[in-house]
Amino acid sequence: MKQAPEHLVALIEPIVEGLGYECVGIEYNPHPQHGMLRIYIDSENGILLDDCTKVSHQLSGMLDVEDPIQGEYQLEVSSPGEDRPFFKLSQFEKYVGSTVNVSLFKPIDKRRKITGLIQAVDGDDVMLVEGEQTLKVPFQAMSKARLVPEYLLKKGGRSGK
């Protein structure tokens, strides 16, 4: 998964959780001029703009003091949305019975993209059902995974991400 380096996760997760939110995941895309640090937060009541602002303010202060990232970058705090990204194996367990779009580092059955129903999590593997086929996909083989929102399944469409 596109999870940020461990030293960033160790700095950011406790602050987000200390404010009463779930830290869904952290993306870090380093670039000399256009770096991006995106933190996805969630709560039982959903996320509003005020929640993102509150977390962003707290993280900005910590990041200024700790200075863990060299160069310029943009900080973004966001709700995971209906097509939430998955960063951890536990998130697949939480959404067993739901459909996900998965992109792979290396092909499985000559395919790099799979859209399937999460049947189970078995150790470090996710069992995905696509049509009549059940695929055993190692978590480490996934470059990206996103939930497919229910309204897209009912329409028969897919997320373009």
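Of note:
- Straight-distance candidates among the aspartates and glutamates for linking to Lys136, with alpha-carbon spacing under 16 Å and chain neighbours fewer than 8 residues away dropped: Glu93, Asp109, Asp122, Asp124, Asp125.
- Inter-site label distance for His34 and Glu76 at 7 Å from Cα along Cβ, in nm: 1.1 nm
- Maximal additional length on extending the Ser43-Glu150 stretch stands at 36.6 nm, based on 0.36 nm per residue less the C-alpha distance.
- Directionally averaged shadow of the chain, computed from the convex hull of its alpha-carbon atoms, nm²: 10.5 nm²
- Ordered by 1.4 Å accessible area with all protein chains kept, Ile47, Ile41 run largest first as Ile47, Ile41.
- Given a 1.4 Å probe and the protein chains as shown, Met36 ends up with an accessible area of around 40 Å².
- Angle in degrees between helix 49-66 and the longest Cα principal axis of the chain, rounded to the nearest 10: 60 degrees
- Plainly put, the stretch 41-94 has a radius of gyration that is 1.04 times its Kirkwood radius, both from alpha-carbon atoms, as the Rg/Rh ratio.
- Here Asp67 sits with roughly 90 square angstrom of accessible surface, probe radius 1.4 Å.
The values are calculated or read from the model by the stated rules, or taken from the named source; none is laboratory data. Everything numeric here is computed off the predicted structure, so don't read it as measured data. FYI the Cβ positions are ideal-geometry reconstructions off the backbone, even for glycines, and counts take in every protein chain you see. The protein model used for the area step is the full one, side chains on, heavy atoms only, and it has no ligands, DNA or RNA in it. Shrake-Rupley method; radii C 1.70, N 1.55, O 1.52, S 1.80 Å.
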